[in-house]
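A quick write-up on the structure given underneath.
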Amino acid sequence: MVPRLRLSPQTLQVLDAFLEAPKDWKYGYDISRDTGLKSGTLYPILMRLADRELLETSWETTEPGKPPRHLYRLTASGLRFAREHVVHDVAGSRVLDLRGAKS
Amino acid sequence: MSSAVRKFAVRLLGAVTRSSQLESQGWGNAMLRELDFIDRDWVSLWWALGGATAVLKHSLAIAARSWVRERIDHRGEWTLKNVGKKLARLASGVAISAGLLAVSIVGVARLLSAVISARTFEHLHWLGWLPVLVIPEGIFAIAAIALWRNRRDMARGIVLGAVALGVHVIVHVTTHK
């Protein structure tokens, strides 16, 4: 069971961004650009999702001498949770569902 | 080359990250690293400001949670077993005060009657208060102070006995005049 999570429109936007390519790891700044959310809004959401084990994180070392970069991806339960709450309309464009706002 | 704005952004987020709780520092470092991939300086400053706020909030939430948990753990002292122990020590303090009172009444009263003649005693009514009130209350006060640091519950029991005796005397005096 997923611990209580406040499903704000911004959280749904983030979940929606992850659903674009569910198996891919994403960088924080890329998610920010995809969703239009500022770091002060985006990161608390990522923190909450990670706390509830809906999001897994990883450190990627690309260049030697440079600090690693943080990556994010939905866990299996995160993916199920996101699919439950982010639904599509008939035309195929995504609609953010607020029915489960108290999940 | 980094502009002054970007340098400030890095320093600000770095400082907030370093001063935050250990659990929040990973998130701060993650946001700090993203600054390298933001092209525009002013955008990097807004990113750092938002990131610093997020890290600060996360860190404060962790600190508040651990504070509350500490208080709850501290309250754990009040488990049934500990309450039983505390009550036993309190009761032993009350019992000690009752014993001291009995010894004082019997011992000191006998001593007074042996030392002072009945005739003299009639003139010195106040002497009767010595074994039943003055001496025991004095001993209670000394014992409570002596035990307060190391055996507080027992000391509390003695104070309880002292208060009970004082109340009893007051009630006695006011109802028997």
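A compact table of results
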| item | result |
| --- | --- |
| Residue that is least open to solvent (accessible area, probe 1.4 Å), among those in the stretch A:7-41 that are without any contact (Cβ under 8 Å) to a residue 40 or more places away in the chain, of a type outside the set (Gly, Ala, Ser) and outside any helix (DSSP H, G or I) | A:LEU37 |
| Filtered residue count, the stretch B:128-151, keeping only those that are among the basic types (Lys, Arg) and surrounded by 14 or more Cβ atoms within 10 Å (Cβ to Cβ) | 1 |
| Any hit, the stretch A:81-101, residues being modelled with pLDDT of 80 or more, out of contact with any Lys or Arg (no Cβ under 7 Å at 6 or more places or on another chain) and assigned to a loop (DSSP other than H, G, I, E, B) | no |
| Residue satisfying condition, being buried (at least 18 other Cβ atoms within 10 Å of the Cβ) and either closer than 26 Å to B:THR17 by Cα or modelled with pLDDT of 95 or more (or both), within set A:PRO44, A:PRO68, A:PRO64 | A:PRO44 |
| All positions within the stretch B:11-48 that are facing another protein chain (nearest Cβ under 7 Å) and within 17 Å of A:THR41 (Cβ to Cβ) | B:TRP27, B:ALA30, B:MET31, B:GLU34, B:ILE38, B:TRP46, B:TRP47 |
| Every residue from the stretch A:1-18 that is of a type outside the set (Asp, Glu) and touching a Leu at 6+ places or on another chain (Cβ under 8 Å) | A:VAL2, A:LEU5, A:LEU7, A:PRO9, A:GLN10, A:THR11, A:LEU12, A:GLN13, A:VAL14, A:LEU15, A:PHE18 |
| Single residue of the stretch B:49-68 satisfying the filter (of a type in the set (A, V, I, L, M) and within 11 Å of chain A (Cβ to nearest Cβ)) that is most open to solvent (accessible area, probe 1.4 Å) | B:LEU56 |
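Residue by residue, here is whether (1) farther than 30 Å from B:ALA141 by Cβ; (2) of a type in the set (A, V, I, L, M, F, W, C); (3) touching a residue at least 60 places away in the same chain (Cβ under 8 Å) holds:
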| site | (1), (2), (3) |
| --- | --- |
| B:LEU13 | yes, yes, no |
| B:MET31 | yes, yes, no |
| B:GLY51 | yes, no, no |
| B:GLY99 | no, no, no |
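The values are calculated or read from the model by the stated rules, or taken from the named source; none is laboratory data. On a predicted model such as this, the values are computed, not experimentally measured, just so you know. Methodologically, a virtual Cβ is constructed for each residue, glycine included, from the backbone with ideal geometry; neighbour enumeration extends over all protein chains shown. We work out accessible area using only protein heavy atoms, side chains counted, and drop any ligands, DNA or RNA first. Shrake-Rupley method; radii C 1.70, N 1.55, O 1.52, S 1.80 Å.
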